[in-house]
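Read through the structure below, which is laid out as structure tokens, and then see the notes.
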Amino acid sequence: MEHGDPDYPISPNAREALQIPQSFSLGVYQTAVDLDHLLATGTASADAIHARVAEHREATRSHLFTHKVGAVFRPDRFAWPSFLFIPKGANWRDYWPFANAPDDHRYAIDWTAPSSATANHASRDDGTLFSFAQLHNETVRLTQSSSSAVGVFYTPAMTLGAVDLQASVECAGTWRTQLEFFSQLAAGFVEVTADLVLAAWQVIPGGFDLVGFKSFLVAGSGHRDQSHGSELKPFHRTFDGSNLSARFVVERGRRYLFAVVDRITVTSTLINTSGGSLPGVGDPRLLVWGSMNSVVSEIDVLTNRVDIP
């Protein structure tokens, strides 16, 4: 369509509107390279690393918001849909034009884990999540997981039945693997995995009891060893409705926490010639890390079946 259809000429302004946006921002890629350089110096303080991770998080999150499209429902009644939960600070008119969202249909809780993952971020106000994890080379044969999450509370009206937990989520991130040949490294591989998890807990006095969860792969490096060289890969993926769905059995008289979890996992089976530790995390010959931003624009709790009304 270089010159347009003669029966439907395309003006220069219209042609601009037909441009397909890049699937990943060059600015995001640059912040990832800068982060990689900082980790490779071996002299950066924890505060400096966290500051650079924060820059990477903001660059990726800005890219996500440029692609976000608000959900629109065709109304068949005026009351707020009982299945629909939205961020605490969201404009309800973007989702339902007839009634404001009740407080109990807005995101109620957010958290990050583990406590050492101080670079992570979660917000119930706008549904944004960020997780970052890197290989701690000093400890061999180690799996490290870092996550952030937002959740809603749900009290079923039925005596016994099942609900489908679904969510609309847009994800963007980067995974990094670099394993150079050096004498201490004998064998093994590393793997970086980014996934979303739909999880349910029963609320109990003083805490939560896990009911179940289901994981969805967003992106992954696969097994990487010294033969793969240096790789730095951005990724971008959108989930909506049935392609991000998990079923849970619920009972009247119980209260549940349903959550969307953004998680980065770094796995290592690396060993050295003597079975000891590998060079420190700042060694440029061995860099493995991953990060992921997610925007959870809505969470739906849909009744799948009613076994006992």
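Computed from the coordinates by the stated procedures, all read-outs in this text should not be read as laboratory data. Quick caveat, the model's predicted, so the values are computed rather than measured. Virtual Cβ from ideal backbone geometry, glycine too; neighbours counted across all protein chains shown.
Okay, which of segment 193-233 sit inside 17 Å, backbone N to the point 7 Å along the Cα-Cβ direction of residue 304? Output list for this probe position: 197-202, 211-216. Placing R0 at 25 angstrom, the Cβ-Cβ distance between residue 103 and residue 211 gives a FRET efficiency of 0.55 after rounding to 0.05. Between residue 136 and residue 41, the simple label model (points 7 Å from Cα in the Cβ direction) yields a spacing of 2.3 nm.
Between residue 197 and residue 48, the contour length at 0.36 nm per residue exceeds the Cα-Cα span by 50.6 nm. Between residue 269 and residue 126, the modelled label-to-label distance comes to 4.1 nm, taking each label 7 Å out from Cα in the direction of the beta carbon. Taking label points 7 Å from Cα along the Cα-to-Cβ direction, residue 162 and residue 113 give a separation of 2.5 nm.
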